[in-house]
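One structure is given here, and the rest of the page talks about it.
The values are calculated or read from the model by the stated rules, or taken from the named source; none is laboratory data. All values reported here derive from a predicted model rather than from experimental measurement. Positions of Cβ are backbone-derived with ideal geometry, glycine not excepted, and every protein chain shown enters the neighbour counts.
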Amino acid sequence: MVMAEGLFLVGTARGVGKTLIGVGIVALLREMGVDATMMTPISTGDSGKNAASLLREIGVEAPRRLVMPITFETPAAPYVASRIERKPIHLRKVLDAYHELREQGKFVVVEGGGVLVPIARRYDVIDLLKDFELPSIIVGRTGRGTLNHCILTLRMLLVMGVQPLGFVLNGYGQYGDGFAESLNPEALRELAAPTPVLATQEWRPEYQEDLPAFIRALRQQPDLMAMLRRLTETGSAETRASGTPVTPDAGGE
Ligand SMILES: Nc1ncnc2c1ncn2[C@@H]1O[C@H](COP(=O)(O)OP(=O)(O)O)[C@@H](O)[C@H]1O
Ligand SMILES: [Mg+2]
């Protein structure tokens, strides 16, 4: 029995904070003594700091070749960006980068995307998740519309045979949705059960410049911290199994 090899982040929409949450998780894991790093398999033109620069901010060496193996300037889904730039996506490159990080003994937080974001024809983010065979978490928002996005994402993962470890809700307060927003984390907890809501992280513009403050806030989330501890404990076969594809005959060896 060994600790999980990494964690795959699924987003409910673009800009939900996957990169920031991912780097925050890397920082928390490193505090627990785990040699964690992160990769964005396919990054497309976007605002916000990328994984490589945020990793450097927390003192993690981040060769772009491994952290961001495939990049497009075009702000679009990988499939679309790849067509516009006439540059095919070689998945081999992504998997080689991942395996190189694994060979260095790293725990790899993988920044995926929305479940059905197309990467190539008949190959979506969900297929990437299945190829990585990692436990997953869903990063979503708290504001209006999120229950639909979160439950759609969860249902789709379940249909595809993947039970995620839980949700991290990010950006609480961003849209000033007030009362409804304040009830959403609890509503999701109830509606998505037994899949847990692991954290609700506030929206604070200062987090965009102050990564340590963002990490401090994330550290205050007991369920997230407990999940990360379980994930990295040796003998976490249970966690591992719940994050990987469930098939009727799983584990019958
Ligand atoms: N909780 C938060 N409070 C303030 N700003 C945030 C928060 N979460 C994310 N952001 C900002 O929102 C933008 C999108 O976040 P990012 O992590 O790049 O999302 P994604 O990777 O899902 O596209 C970034 O500029 C980031 O700094
Ligand atoms: Mg990102």
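Details
- Exactly one residue out of L165, L188, L169, L158 is under 19 Å from G113 (Cα atoms), in contact with a helix residue (DSSP H, G or I) (Cβ under 6 Å, 6 or more places away or on another chain) and free of Cβ contacts under 8 Å to residues at least 60 places away in the same chain: that is L169.
- Selection within the stretch 132-155 - assigned to a helix (DSSP H, G or I) and without any contact (Cβ under 8 Å) to a residue 40 or more places away in the chain: N148, R155
- Output for the stretch 7-33, where each listed residue is away from ligand 1 (no atom under 13 Å from the Cβ), within 19 Å of A62 (Cα to Cα) and out of contact with any strand residue (DSSP E or B) (no Cβ under 7 Å at 6 or more places or on another chain): A27, L28, E31, G33
- Selected residue (criterion: nearest to ligand 1 (Cβ to nearest atom)) from residues of the stretch 34-51 that are in contact with a Ser or Thr (Cβ under 8 Å, 6 or more places away or on another chain) and not in a strand (DSSP E or B): G48
- Residue check: V67 meets all listed conditions (1) within 17 Å of the chain's Cα centre (by Cα); (2) on the phi > 0 side of the Ramachandran plot but one, namely (2).
- Of T232, T146, T142, T153, all but one fail to be hydroxyl-bearing (S, T, Y), farther than 26 Å from V108 by Cβ, away from ligand 1 (no atom under 12 Å from the Cβ) and buried (at least 17 other Cβ atoms within 10 Å of the Cβ); the exception is T146.
- Note on the stretch 86-131: among residues that are touching a residue at least 24 places away in the same chain (Cβ under 8 Å) and of a type in the set (K, R), the one that is nearest to L157 (Cα to Cα) is K130.
Let's see how each residue does on (1) farther than 23 Å from L169 by Cα; (2) within 11 Å of ligand 2 (Cβ to nearest atom); (3) in a strand (DSSP E or B); (4) among the acidic types (D, E):
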| site | (1), (2), (3), (4) |
| --- | --- |
| A4 | no, no, no, no |
| L7 | no, no, yes, no |
| V10 | no, no, yes, no |
| T74 | yes, no, no, no |
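- Residues in the stretch 81-104 include none that are at pLDDT 95 or above, within 15 Å of ligand 2 (Cβ to nearest atom) and outside any helix (DSSP H, G or I).
- Taking the criterion of being within 13 Å of ligand 2 (Cβ to nearest atom) and crowded, with 24+ Cβ neighbours inside 10 Å, the residues of the stretch 26-50 that qualify are M38, M39, T40, P41, I42.
- Summed over the stretch 105-128, the residues that are assigned to a strand (DSSP E or B) and either surrounded by fewer than 18 Cβ atoms within 10 Å (Cβ to Cβ) or of a type in the set (F, W, Y) (or both) give a count of 4.
- Where a residue in the stretch 195-220 is polar (S, T, N, Q) and its partner, wherever it lies, is assigned to a loop (DSSP other than H, G, I, E, B), with Cβ under 7 Å and at least six apart: T195/P164; T195/G166; T200/T142
- Taken over the stretch 186-214, the residue count meeting the criterion of being away from ligand 1 (no atom under 13 Å from the Cβ) and outside any helix (DSSP H, G or I) is 6.
- Pairs, first of a type outside the set (S, T, N, Q) in the stretch 10-27, second more than 8 Å from ligand 1 (Cβ to nearest atom) and modelled with pLDDT under 95, C-beta under 7 Å, six or more apart: none
- Residue check, L183 within 21 Å of L54 (Cβ to Cβ) and assigned to a helix (DSSP H, G or I): no
- For the stretch 52-70, filtering for residues that are surrounded by 19 or more Cβ atoms within 10 Å (Cβ to Cβ) and either assigned to a loop (DSSP other than H, G, I, E, B) or more than 12 Å from ligand 1 (Cβ to nearest atom) (or both) leaves 9.
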